[in-house]
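Beneath this line is the structure, given in structure tokens, with notes to follow.
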Amino acid sequence: MTLYWCGKLNLDESEGLLGRFFELASDTLRAYALEFVGRNLKNTQDEVDPEILNRLQLLWEKRLEIVRSSTQPSSYTTKLAAFGWWFGSAKFDDSWAIAQIKQILELVGKVAPDFLLLERLAILADTIPESTAECLELMIKKDKSGWGIYGWRDETKTILSKAFQSSSDKARKTAENIIQELGKGGHWQYRDLLL
């Protein structure tokens, strides 16, 4: 992954080292490799060279494209979830990154770590209220255990509040749907946002 980051490996070589790795490695090992990159991005204090970001964007898009064309996207859950670190790094263009995360949530319903995703969504809710509300809605719908919302309370309230304060009818409607869905599950603490 470091060699790819530095431009020493080519993504398009199907028989190259990187291509073979993604073809043969387990989902867990692929996820570890992607998480390694995301953690390094998150821990990078300085600006990341645009050429490096472009390479990483291509990798993200390519991995997502492969999963979209798969007949069993759920078999890639762990790998795709690792892109949460990339999103949480705040190094990519916000609109592009949130569109990628939304696709991951639609495909596999999970991004890890969820706390990092929610923190970033809460920040972006000021400027991209529709997308942040849609991502939150997907997370809540895909949370099969129903426990996620307990750890997401503050960020959920922030995202919903900002959606209602925005000028976007779509963001407000999505926020309203989320509150109604949460209410069905006994989470009444958000209904005051409807007033």
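The values are calculated or read from the model by the stated rules, or taken from the named source; none is laboratory data. Given the structure is predicted, the values throughout are model-derived calculations rather than measurements. We place every Cβ from the backbone using ideal geometry, glycine too, and count neighbours over all the protein chains shown.
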So which residues in segment 7-44 are under 14 Å from Gly84 (Cβ atoms) and of a type in the set (Val, Ile, Thr)? Val37
Only residues that are over 13 Å from Asn177 (Cβ atoms), hydrophobic (A, V, I, L, M, F, W, C), in a helix (DSSP H, G or I) and at pLDDT 90 or above: list them for segment 136-154, please. Met139
Does Lys42 satisfy being in contact with a helix residue (DSSP H, G or I) (Cβ under 8 Å, 6 or more places away or on another chain), crowded, with 18+ Cβ neighbours inside 10 Å, farther than 29 Å from Asn177 by Cα and of a type in the set (D, E, K, R)? no
Can you name every residue in segment 23-39 that is surrounded by fewer than 20 Cβ atoms within 10 Å (Cβ to Cβ) and over 15 Å from the mean Cα position of the chain (by Cα)? Glu23, Leu24, Ala25, Ser26, Asp27, Thr28, Leu29, Tyr32, Ala33, Phe36
Could you list, ordered by first residue, the pairs with Cβ atoms under 9 Å in which the first is in segment 15-34 and within 16 Å of Ile66 (Cα to Cα) and the second is of a type in the set (Val, Ile, Thr), at least 6 apart or interchain? Phe22/Ile66; Ser26/Thr78; Asp27/Thr77; Asp27/Thr78; Arg30/Thr78; Ala31/Thr77; Ala31/Thr78
Among the residues of segment 150-160, is there at least one that is in contact (Cβ under 8 Å) with a residue 12 or more places away in the chain, within 25 Å of Leu58 (Cα to Cα) and not hydrophobic (A, V, I, L, M, F, W, C)? no
Is it true that Leu195 is within 17 Å of the chain's Cα centre (by Cα) and hydrophobic (A, V, I, L, M, F, W, C)? no
Of all residues in segment 178-188 being farther than 14 Å from Gly148 by Cβ and surrounded by 14 or more Cβ atoms within 10 Å (Cβ to Cβ), which is modelled with the highest pLDDT? Ile179
Considering only residues that are surrounded by 23 or more Cβ atoms within 10 Å (Cβ to Cβ) and closer than 23 Å to Ala112 by Cα, which ones fall in segment 153-173? Thr156, Ile159, Leu160
When the residues of segment 62-114 are narrowed to those that are in a helix (DSSP H, G or I), modelled with pLDDT of 95 or more and among the small types (Gly, Ala, Ser), which ends up farthest from Thr132 (Cα to Cα)? Ala81
Among (1) surrounded by 20 or more Cβ atoms within 10 Å (Cβ to Cβ); (2) over 27 Å from Ala125 (Cβ atoms), where does Ala82 come up short? (2)
